[in-house]
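Accompanying notes for the structure given below.
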Amino acid sequence: MGGAERFCFRLISALNEFGTDCIAFVRKGSEVEKSLPEAVSYLGLPMRTVWDPLSMIQIKRAIRRISPTVVQTYMGRATRLTRLKKGQLPIHVSRLGGYYKLNGYRHAHAWVVNTKGLCDYLISNGFPKDRVFYVPNFVEEVDPEKIGSKEQLRKELGIPLDAWLLVTAGRFIPVKGHQYLIDAFLDLPKRIRNRPLYLAILGDGPLKGQYLEKIKGTGYEERIIFPGWVNQPERYYIASDMIVFPSLEMETLGNVILEAWAMKRPVVTSSFRGAREITEDKMDAIRVPCNDSHALKKAIHSLLDDDGMRVELALAGHAKINSQFSKGVVLKRYHEIYEELTSQIIRAGS
């Protein structure tokens with residue numbers, strides 16, 4: 001699963017865990033459906049397109065049967081397929097995670113977004129300020145000992161114990177900036193402080209062929225690893241020395257940064273809009289300009305040379321997870337929003 005799918009899965013699971021009587025409507029056959037815990041009740045629907053009439057009817061009937069107070073839709077397809085009357089329960093809350101075209105979202109009753117920049121974007125495009133809510137993403141606290149030690153995981157993953165391992169993750173599309181990271185890596189020495197350098201790029205997508213062609217004949221073919229989609233990226237994070245996130249300006253947030261902090265791993269990131277919002281340069285991450293492989297190369301080399309800085313960045317990032325991006329903090333905010341919106345309807349009807 002990609003970052004958006006993994007967070008959808010985390011959110012559904014967490015709402016259920018925190019006592020919300022939650023039923024998930026998910027696309028039949030999707031990775032989210034396959035990964036849901038047994039404790040989560042769900043309904044699998046086709047959701048073939050954003051205007052799938054069969055799914056629209058099934059969603060309307062299921063909502064009428066279940067009679068919830070809140071229906072929260074995740075991203076565009078689910079939002080467009082859900083049509084509820086305003087001024088009565090259930091409240092339709094649409095959750096956005098990107099700078100999308102907004103016409104397909106305006107019919108919702110309220111909106112949750114995962115960056116402050118997205119709040120400004122919706123409000124500047126005519127959405128009511130008192131109905132747009134900022135709620136960041138969260139990441140799970142994972143006990144590394146339950147997954148495995150760094151040494152054990154490297155043996156399982158086939159990474160030399162003495163190597164420097166850089167890890168990045170994301171769909172192989174232009175906005176993720178993997179091409180700049182690959183260029184930076186190819187320009188780095190094969191050994192730094194007498195340790196070999198490896199790069200694992202988790203994910204898949206249409207640009208994979210271009211990446212493989214770029215690496216071909218460089219002598220780095222065995223040093224750049226493509227494991228595909230990994231449902232438990234924590235294994236690679238724990239095995240790593242550093243997480244690199246080279247996205248371009250259009251990237252909205254960057255769940256990989258949060259996941260790295262949760263694993264107490266130092267981060268080098270491009271200075272895209274989401275990174276500027278959640279990171280502090282040289283405090284909890286090293287930021288470099290977008291689209292700049294040379295700056296990325298220098299930052300990676302410098303951080304590998306500085307053991308103390310890597311520890312400081314990792315600890316500061318982990319502290320920020322606990323204070324701003326923990327499951328408890330984020331779920332509390334969701335429940336506050338649900339309570340506020342439903343109370344408004346109840347008061348208006350009394």
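FYI, it's all coordinate maths here, none of it is from the lab. All of these numbers come straight from a predicted model, not from anything done at the bench. Cβ: placed from backbone, ideal geometry, glycine included. Neighbour counts: every protein chain shown.
Worth a mention:
- Under 12 Å from the Cα of K146 - aspartates and glutamates, other chains or at least 8 residues apart: E234
- Förster-model FRET efficiency, 41 Å R0, R171 and L89, C-beta, rounded to 0.05: 0.65
- For the range 12-24, 3J(HN,Hα) computed residue by residue from phi via the Karplus equation (6.51, -1.76, 1.60; θ = phi - 60°) reads 4, 4, 5, 4, 5, 5, 7, x, 6, 6, 10, 10, 9 Hz, glycine and proline entered as x.
- The range 144-322, dipole about Cα centre (Lys/Arg Cβ +1, Asp/Glu Cβ -1), debye to the nearest 20: 220
- Packing order of peptides 131-143, 102-114, 167-179, highest average first: 167-179, 102-114, 131-143 (average count of other Cβ atoms within 10 Å over each peptide's residues).
- A helix-only calculation puts the chain at -13000 deg cm²/dmol for mean residue ellipticity at 222 nm, using -39500 (n - 2.57) for each DSSP H run of at least four residues, averaged over all residues.
- Sequentially through the range 125-132, phi angles give Karplus couplings (6.51, -1.76, 1.60; θ = phi - 60°) of 9, x, 6, x, 4, 7, 10, 10 Hz, Gly and Pro residues having no value and appearing as x.
- Gaussian network model of the chain, Cα within-10 Å springs - most flexible of G19, G228, G44: G19
- Within the straight-line cut-off of under 14 Å between alpha carbons, the aspartates and glutamates reachable from K216 are D183, sequence neighbours fewer than 8 places apart in one chain being disregarded.
- Fully extended contour minus Cα-Cα distance, from L43 to K155, at 0.36 nm per residue: 36.3 nm
- Taking amide H as placed 1.01 Å from N in the peptide plane, K28 has its amide H under 5 Å from the amide H of L45, each at least 5 places away in sequence or on another chain.
- About the Cα centre, charge dipole magnitude for the chain (Lys/Arg +1, Asp/Glu -1 at Cβ), debye: 1380
- Highest mean first, the peptides 325-336, 208-219, 47-58 sorted by other C-beta atoms within 10 Å per residue fall in the order 325-336, 47-58, 208-219.
- For the chain, share of DSSP beta bridges that run antiparallel, in % to the nearest 5: 5
- Estimated vicinal HN-Hα couplings, Hz - the range 259-276 in sequence order (Karplus 6.51, -1.76, 1.60; Gly, Pro = x): 5, 5, 4, 4, 8, 6, 10, x, 10, 10, 9, 6, 8, 6, 4, x, 5, 5
- Estimated from the Cβ-Cβ distance and a Förster radius of 35 angstrom, the FRET efficiency linking Q232 and A348 is about 0.15.
- Sorted largest first, the spans of the alpha carbon positions of the chain along the three principal axes are 73, 38, 37 Å.
- Tensor-based shape of the range 144-322 (alpha-carbon gyration tensor, a/c under 1.5 rounded, otherwise prolate or oblate): rounded
- Straight-distance crosslink candidates among lysines, where the alpha carbon sits under 23 Å from K282 and sequence neighbours closer than 8 are dropped: K116, K176, K264, K297, K298, K320
- Counting only alpha carbon atoms, the long axis of helix 53-66 and the longest principal axis of the chain meet at about 70°.
- Taking amide H atoms as placed 1.01 Å from N in the peptide plane, the amide H of F133 lies under 5 Å from those of W111, V112, V113, each 5 or more residues away in sequence or on another chain.
- Interchain or long-range residues, amide H under 5 Å from Y105's placed H: none
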